[in-house]
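Trainee: Before I ask anything, let me first share the structure, which is written out below as structure tokens.
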Protein chains: 2
Amino acid sequence: MRNDLPIGVFDSGLGGMTVLREIHRELPAESTIYLGDTARVPYGIRSDETVRKYCAESVSFLKSRGIKLLVVACNTASSVALESIRAQVDIPVVGVIEPGARAAVASGAHSVAVIGTDATIKSGAYQRAITMLNPDAEVRCRPCPLFVPLAEEGWVDDDVAELVARRYLEELRGTGALVLGCTHYPLFRGVIGRVMGPDTLLVDSAVETALEVRRILAADGILNAGEAQPSHEYFVTDKPQKFALLVERFLGRTVENLSKIQLQTEASR
Amino acid sequence: MRNDLPIGVFDSGLGGMTVLREIHRELPAESTIYLGDTARVPYGIRSDETVRKYCAESVSFLKSRGIKLLVVACNTASSVALESIRAQVDIPVVGVIEPGARAAVASGAHSVAVIGTDATIKSGAYQRAITMLNPDAEVRCRPCPLFVPLAEEGWVDDDVAELVARRYLEELRGTGALVLGCTHYPLFRGVIGRVMGPDTLLVDSAVETALEVRRILAADGILNAGEAQPSHEYFVTDKPQKFALLVERFLGRTVENLSKIQLQTEASR
């Protein structure tokens with residue numbers, strides 16, 4: 001039964017786990033397969049062509065396992081490879097950029113700020129997605145490259161995180177909505193909220209993406225009926241122990257059913 | 001004339017520029033060629049086999065340009081590929097680990113602390129080099145992964161840098177010598193010195209490596225006589241503009257004679 005198939009979630013590393021967490025919260029009856037291409041992370045510093053090639057390989061793997069919907073839980077991949085991935089598969093494909101952009105515009109805020117990695121901000125993908133939905137929106141962008149390594153240290157809600165957030169976000173205070181445009185950033189929600197103040201709506205791309213997944217599954221009539229116990233599998237292309245350790249540090253959850261696989265190009269190196 | 005040939009300096013990215021800076025200070029008459037493999041940075045997350053392969057390609061390039069001595073200004077490459085590189089060339093090869101370890105031991109300090117990236121600390125290369133020179137030395141190690149992204153932000157001597165340094169170095173206070181075991185860390189010398197206090201000797205691997213280069217050139221009788229104006233060339237495998245920008249931010253110097261090249265494996269991807 002197609003309804004019983006898992007949702008596939010793909011990221012260059014482990015940031016996409018924040019998206020997976022929201023999918024589990026929003027759709028507890030659904031099975032999932034997560035693939036983190038940890039051997040070739042970070043994608044943000046690769047050329048578009050290379051990113052598309054890596055994505056194609058990851059998507060082939062998830063496709064071979066049998067999935068009913070694919071989530072591209074990586075901002076870089078979402079901004080440069082979504083079209084090529086959609087051409088590769090005949091199931092719905094959801095990226096992380098459009099859902100965040102849509103929620104920011106739907107909030108009615110005239111001024112929208114977007115924070116993300118250098119690569120995401122430079123790609124202009126959020127800027128395009130927001131102004132396509134509301135040509136009058138005033139979009140301000142700020143790369144916040146230290147948030148990812150801070151998250152990997154586990155320093156997400158302390159004095160260092162707050163000092164860094166103040167430095168980055170000072171110039172964005174007063175905007176109506178702030179899109180957390182990197183899969184790691186929801187971990188800093190508390191700190192970012194304190195710095196921005198109560199008048200700025202924080203848009204969590206992970207939450208919005210999970211809501212979008214629910215809408216599509218419902219519209220296509222392929223939500224899991226919820227009779228069997230859902231299963232969750234995890235695959236990485238390198239360093240499974242480090243992945244498991246960081247997921248525990250990040251999300252406070254133990255990863256079971258974790259395997260290391262080798263993708264095509266990686267194998268031939 | 002062999003004496004007129006440049007010194008080759010190789011790093012996975014731009015961190016090795018701190019080593020090059022010290023070579024320029026210590027040996028102003030020498031010409032240099034710098035190669036940063038920016039397309040495949042960071043090496044610290046690759047397997048040893050992959051690092052050795054990348055190094056072999058970079059070394060082939062520098063060798064083809066004609067150099068009289070090779071500096072492996074990358075801690076990861078120095079810890080896993082020095083032997084294979086030495087087997088590949090018939091000129092002196094200097095890594096960054098041994099000179100730092102030697103200076104720490106020569107200081108007479110009984111307790112030596114080493115800070116570096118996750119990969120460098122996990123490799124155990126400094127620990128081995130120090131205890132080989134002084135089996136009684138008490139070696140304490142601490143990875144400080146946030147220093148590299150902080151340096152790339154240019155936040156090397158401010159409140160964020162100081163707070164991060166305090167967090168990392170608290171447990172190392174009181175050690176006799178501290179080895180700055182990553183090419184980026186000399187940029188934090190001021191902050192690290194304030195946190196550690198005046199009783200800890202800071203060992204700068206970049207400075208020690210430059211001194212080692214001078215010693216070897218002198219011993220081999222191949223110091224440049226200093227008659228012709230020295231020339232300095234720079235090569236990277238990706239994103240020359242970003243490299244030039246970061247070097248300017250880091251070292252306050254403009255990079256001229258910068259070219260982008262393509263190494264073998266990179267070309268076949």
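Trainee: Any chance you could check the Cα centroid distance between the range B:203-243 and the range A:119-164 for me, in angstrom?
Mentor: With the range B:203-243 and the range A:119-164 each reduced to a Cα centre, they are spaced 39 Å.
Trainee: Distances in nm, one decimal, shortest first, from B:Asp4 to the same residue in every other copy, taking the label point 7 angstrom along Cα→Cβ.
Mentor: Ordered by increasing distance: 7.9 nm.
Trainee: Could you tell me how far the Cα centroid of the range B:1-62 sits from the Cα centroid of the range A:18-33, in Å?
Mentor: The range A:18-33 and the range B:1-62 have Cα centres separated by 46 Å.
Trainee: Give me the percent of Cα-Cα pairs in the protein assembly as shown that sit more than 45 Å apart, rounded to a whole number.
Mentor: Working: 27379 of 144453 pairs.
That tail contains 19 percent of the Cα-Cα pairs.
Trainee: Among rounded, prolate and oblate, which fits the range B:1-76 when a ≥ b ≥ c are the square roots of the eigenvalues of its C-alpha gyration tensor, a/c under 1.5 means rounded, and a/b larger than b/c means prolate? Each step should come with its number before you reach the end.
Mentor: On the way: a/c = 2.85, a/b = 1.59, b/c = 1.79.
Verdict is oblate for the range B:1-76.
Trainee: Also: What helices does chain B hold that run 24 Å or longer along their axis, going by alpha-carbon atoms, with a Kyte-Doolittle average of -1.0 or more, using DSSP H for the helix calls?
Mentor: Values: long enough: B:48-65 (26 Å, -0.69).
TM-like helix candidates: B:48-65.
Trainee: Need one word for the range A:41-123: rounded, prolate or oblate. Basis is the Cα gyration tensor (sqrt eigenvalues a ≥ b ≥ c); a/c below 1.5 gives rounded, then a/b vs b/c decides.
Mentor: oblate
Trainee: Now for a separate question. So between B:Asp157 and B:Ser259, what do we pick up on full extension, going 0.36 nm a residue minus the alpha carbon distance? Intermediate values should be presented prior to the final figure.
Mentor: Values: separation 102, 0.36 × 102 = 36.72 nm, distance 3.09 nm.
Result: 33.6 nm gained on full extension.
Trainee: Could you tell me the largest-minus-smallest coordinate of the C-alpha atoms of the range A:97-205 on each of the three principal axes, in descending order and whole angstroms?
Mentor: Cα spread of the range A:97-205 along its principal axes, largest to smallest: 38, 28, 20 Å.
Trainee: At a 1.4 Å probe, what is the % contribution of carbon and sulfur to the accessible area of chain B?
Mentor: Of all accessible area on chain B, carbon and sulfur atoms account for 49 percent.
Trainee: Can you give the Rg/Rh ratio of chain B, where Rg is from the C-alpha atoms and Rh is the Kirkwood radius?
Mentor: The Rg/Rh ratio comes out at 0.95.
Trainee: Accessible area per residue of the range B:52-171 at 1.4 Å probe, in Å²?
Mentor: 38
Trainee: Amide H of B:Asn134 versus every other amide H placed in the peptide plane: which residues, excluding those fewer than 5 positions away on the same chain, fall under 5 Å?
Mentor: Counting only residues 5 or more places away or on other chains, the set is empty.
Trainee: What are the distances, in nm and sorted shortest first, from the label point of A:Gln229 to the label points of the same position in each other copy, with each label point placed 7 Å from Cα along the Cα-to-Cβ direction?
Mentor: 7.7
Trainee: In chain B, what residue has the beta-carbon at the shortest distance from the axis of the rotation relating B to A, and what is that distance in angstrom, rounded to the whole number?
Mentor: Here the value is B:Pro149, 2.
Trainee: Among B:96-102, B:227-233, how do they line up by average Cβ neighbours within 10 Å per residue, starting with the highest? It would help to have the intermediate numbers written out before the result.
Mentor: Working: B:96-102: 25.7, B:227-233: 12.3.
With the highest mean Cβ count within 10 Å placed first, the list reads B:96-102, B:227-233.
Trainee: Could you pull the copy-to-copy label distances for B:Asp157, with points set 7 Å along Cα to Cβ, in nm to one decimal and sorted shortest first?
Mentor: Those label-point separations list as 3.7 nm.
Trainee: OK, next. Greater than 32 Å separation of Cα atoms is the criterion. Which listed pairs, A:Lys239/B:Lys242; B:Lys68/B:Lys260; B:Lys122/B:Lys242; A:Lys260/B:Lys260; A:Lys68/B:Lys239; B:Lys122/B:Lys239, meet it?
Mentor: Correct reply: A:Lys260/B:Lys260; A:Lys68/B:Lys239.
Trainee: Using modelled amide H (1.01 Å from N, peptide plane; none on Pro or chain starts), what sits under 5 Å from the amide H of B:Ser12, excluding residues fewer than 5 places away?
Mentor: B:Asp37
Trainee: A follow-up question, please. Chain pair B, A: how much accessible area is buried, both chains summed, with a 1.4 Å probe, in Å² to 100? List each step's numbers first, then the result.
Mentor: Values: alone 11910 and 11920 Å², together 21580 Å².
Separately minus together, B and A give about 2200 Å² buried.
Trainee: Per residue of A:136-145, how many C-beta atoms from partner chains lie within 10 Å of its own C-beta, taken as a mean? Don't skip to the answer; put the middle values down first.
Mentor: Working: counts 0, 0, 0, 0, 0, 0, 0, 1, 1, 4.
Partner-chain Cβ atoms within 10 Å, mean over residues of A:136-145: 1.
Trainee: So what are the three principal axis dimensions of the range B:205-267 from its Cα atoms, in whole Å, longest to shortest?
Mentor: Sorted largest first, the three principal extents are 38, 31, 28 Å.
Trainee: Continuing with this model, one more query. Indicate the residues belonging to the range B:31-69 that lose 50 Å² or more of solvent-accessible heavy-atom surface (probe 1.4 Å) upon moving from the chain alone to the assembly of all protein chains, ignoring ligands and nucleic acids.
Mentor: Hits at the 50 Å² cut-off: B:Ile45, B:Arg46.
The values are calculated or read from the model by the stated rules, or taken from the named source; none is laboratory data. These numbers come from a predicted model, not from an experiment. Positions of Cβ are generated from backbone atoms using ideal geometry, with glycine treated the same way; all protein chains shown enter the neighbour counts. The area values use the complete protein model at the heavy-atom level, side chains included, leaving out ligands, DNA and RNA. Shrake-Rupley method; radii C 1.70, N 1.55, O 1.52, S 1.80 Å.
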